Amino acid sequence: MIQDLVIHVVFIAYAMAVLVLFGLLLTWVERKQAAIMSDRLGANRAYLRIPFTQVKLVWWGLFHGLADGLKMLLKEDFKARSHDWYAYAVAPWVVFTPVLLVFAVIPFGGTLVPGELGASLAEWFGDRSYPMQIARVDAGLLIVFAFGGMTTIGAMLAGWSSSNKFSLLGALRAGSQMISYELVLALTLLGLVLVYGTLDLGDAVRQQSGVALGFLPAWGIVYQPFAAILFLTAAIAENKRIPFDLPEAESELIAGYFTEYSAMKMGLFMFAEFIEIAIIGALFTTLFLGGYNLPFMTDSGFVLPGGHALPMSHGAVVATQLLVFLAKVLLMCSFQILVRWSLPRFRYDQVLHFAWKFLLPLTLANLVVTTFAVWAIRGGAA
């Protein structure tokens, strides 16, 4: 039906706009947050001048992201003497594209009923309803790992095809590091799968809409606080951010696996890194922070303890869910930037030892405890 197609196009456009804006905004947030932490002003030189006037729009340096993008677009596209020119050219896209596709299975809101937003929409859409998620897949969590693993291939392609020893060393580091921490990520989330009983991210969020113990939000972080810490640690390592940025360590490898890239090809690598910060925030929000849910919030408004109700229109509920989800994601992005500017870089051997000798045993212990807890609770209920 044409109505279904229109809704899916709107969802895709919204998701793309959110990811691109987060990618641009986070370049500014990182600069400003780092400046605040080190008692500096931060980026404040880029501005737009109103034509035919002397008025400069500085706006706290918000235009620095735009200036960076223009700089990347206008730079010379240097072409290295590559072993494989096709692999060299396609590697940035193999890193960038899967990062965008992961967002397709992440629910960014509850159920949209267009007919309740206005009389004209009611005539066209009738009583149709749509979960605010681009692709509702039963195995959505597996899709996340499938697309996320493709970025490893892109990093390896970039380093191998560049005909540069620093690039190759960076690619080898990226491959070993990302494979190591993907295992930790997968085993960490197995505990959540046991708790929720599903791989569908939409179902996982809906199960976090209630209240636990009468006053705590029934979020994943309440049921699996240890897994939340392990997941966030491994996810930051997957994104190759300080203190896990060994594949790009500028003091050792110049720029790691994308040393031989310039112009927009290099921009794709850097932009993918910032978008992945937002994706990690969105995944953590979805799995551990209740997604778009707020405590005591339902599809018709808020139902407070004692039976007090605060009714809301459907449009207000949808807008609140969208804003809540974005606010939680932005909070998690800010936390990742805080970690990046607070901790020193590990040595390469320490990064791998940390994964295999520290995180992996803790992850297995958490999985065993969760398995017995779920078995005991469900067995007792039966």
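The values are calculated or read from the model by the stated rules, or taken from the named source; none is laboratory data. If you're wondering where the values come from, they're calculated on a predicted model, not measured in any experiment. All Cβ positions, glycine included, derive from the backbone under ideal geometry; neighbour counts span all protein chains shown.
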Of (1) within 27 Å of Ala316 (Cα to Cα); (2) polar (S, T, N, Q); (3) at pLDDT below 85, Ser82 fails just (1)
May I ask you to list the residues in region 240-252 that are assigned to a loop (DSSP other than H, G, I, E, B) and surrounded by fewer than 23 Cβ atoms within 10 Å (Cβ to Cβ)? Arg241, Ile242, Pro243, Asp245, Ala249
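Which of the residues that make up region 335-351 are in a helix (DSSP H, G or I) and over 26 Å from Ala282 (Cα atoms)?
Of the residues in region 335-351, the ones in a helix (DSSP H, G or I) are 335-340, 348-351.
Across region 335-351, the qualifying residues are Tyr348, Asp349, Gln350.
Does Val369 qualify as being in contact with a strand residue (DSSP E or B) (Cβ under 9 Å, 6 or more places away or on another chain) and in a helix (DSSP H, G or I)?
Values: in contact with a strand residue (DSSP E or B) (Cβ under 9 Å, 6 or more places away or on another chain): no; in a helix (DSSP H, G or I): yes.
So Val369 does not fit the description; no.
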For the subset of region 137-146 comprising residues that are surrounded by fewer than 16 Cβ atoms within 10 Å (Cβ to Cβ) and of a type outside the set (Gly, Ala, Ser), which member is farthest from Leu283 (Cα to Cα)? Asp138
Tell me, which residue of region 288-324 that is part of a helix (DSSP H, G or I) and touching a helix residue (DSSP H, G or I) at 6+ places or on another chain (Cβ under 7 Å) is modelled with the lowest pLDDT? His314
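Here are Arg340, Arg378, Arg345: which of them is charged (D, E, K, R), touching a Leu at 6+ places or on another chain (Cβ under 8 Å) and surrounded by fewer than 20 Cβ atoms within 10 Å (Cβ to Cβ)? Give the steps one after another, and end with the answer.
Details: Arg340 fails: touching a Leu at 6+ places or on another chain (Cβ under 8 Å); Arg378 fails: touching a Leu at 6+ places or on another chain (Cβ under 8 Å).
Result: Arg345 is the single residue among Arg340, Arg378, Arg345 that is charged (D, E, K, R), touching a Leu at 6+ places or on another chain (Cβ under 8 Å) and surrounded by fewer than 20 Cβ atoms within 10 Å (Cβ to Cβ).
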Given the structure, is Gly109 part of a helix (DSSP H, G or I) and small (Gly, Ala, Ser)? no
If a residue must be charged (D, E, K, R) and surrounded by 14 or more Cβ atoms within 10 Å (Cβ to Cβ), how many such residues does region 120-136 contain? 2
Go through region 175-210 and report how many residues are part of a loop (DSSP other than H, G, I, E, B) and over 15 Å from Leu289 (Cβ atoms). 4
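Given the structure, is Phe166 over 27 Å from Leu253 (Cα atoms) and assigned to a helix (DSSP H, G or I)? Outline the logic, then answer.
Values: over 27 Å from Leu253 (Cα atoms): no; assigned to a helix (DSSP H, G or I): yes.
So Phe166 does not fit the description; no.
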Give the residue that is nearest to Leu268 (Cα to Cα), with candidates limited to residues of region 10-41 that are among the polar types (S, T, N, Q) and in a helix (DSSP H, G or I). Thr27
